[in-house]
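Here is the structure we will look at, set down as structure tokens.
We did not get these values from a lab; they are worked out from the coordinates using the rules stated. If you're wondering where the values come from, they're calculated on a predicted model, not measured in any experiment. In this analysis, Cβ positions are derived from the backbone assuming ideal geometry, glycine residues included, and neighbour counts consider all displayed protein chains.
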């Protein structure tokens, strides 16, 4: 019997589910082999501690590959021989050797972040494999940050952008953009009614209705968003706690690798990791910060973000309503336009400051965009009103 006939016969007798599993295992095996080859290629273009970090990452990927090879063997399937590295792997390895690792490290880092959740929830993967994949992305980030002198979340960033620290909870972000949304949307709404020739009382009630509907809608949306985000973070931390309990050796190895990527030598990194791992709570907080990039104490409050969003939207939306509380007609319209324009400029200037840009430019851009939207809606309202629609 020929080999081809034998292979066909095996396929006929292999259950479809096993064939699908075998195909998935082969894909995973090839992917891990490619990753290991890439890290060894990067190591060939690096020296010193960086080289050792890449070699250790390659060894971890090779352990993953061995796991998938064992899964294939367990199904009675042949394990493919390692083939030639893929074009991407060869190209990146060549660039690292020919120029420098720094030329390709951002590409590899982005790929690792994209694959960070590759094995989450995979029943055929070992729990440590999901940990490894998430950790590799963090290691590369730390490695690149160390070499560029821009440690993520370091004191330099905190000094330049102090607002980031209060924005971790989402409250500042919700407040600033809530004011902006309330101002633009309700100004446009009121201008649309004003353009249609509606009475001052109608514009007032339309503005109040827009204020209430928008504020509660924003609050509900922000609450759901922050709640989902917090639950996701809490799940990540809970998984990390389980991994610390079930496989502390692997976690210690990952933590040491992160510290080596930060610049510590192997002995010092191992000593620090071993010391931290002696206390479960300290280890969990450290792993959450270093591996997941989370601060367990600052996961964000859904209620705080929702309340901030509601108040902020209302503050922005009430600007155009105020003149119609005390008057009507042309005087109220002109006052509303002036107040809205000044507020749009002020919000844009604040956003510019928060983003580290020129406040005058930010204010002018916001006035142009928000004012343009209000003018367009005013013209549409005018066309509908004069057309008798």
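Some notes on this structure:
- Residue-normalised convex hull volume from the C-alpha trace of the stretch 13-148: 104 Å³ per residue.
- 15 Å reach of a label modelled at residue 234, 7 Å along Cα-to-Cβ, counting backbone N of the stretch 120-136: none
- When each of the peptides 112-119, 316-323 is scored by how many other beta carbons lie within 10 Å of its residues on average, the order from highest to lowest is 316-323, 112-119.
- Segments 248-261, 61-74 sorted - mean Cβ within 10 Å per residue, highest first: 248-261, 61-74
- Pairwise centroid distance, computed over Cα atoms, of the stretch 103-125 with the stretch 324-351, Å: 50 Å
- Spin-label model, residue 63 to residue 384: label points 7 Å out along the Cα-to-beta-carbon direction sit 6.4 nm apart.
- Modelled FRET efficiency - R0 45 Å, residue 88 with residue 353, Cβ distances, 0.05 increments: 0.60
- In percent, rounded to a whole number, the relative contact order of the stretch 13-148 is 24, using alpha-carbon pairs under 8 Å and six or more apart.
- Residue exposure sequence - 224, 237 - by fewest surrounding Cβ within 10 Å: 224, 237
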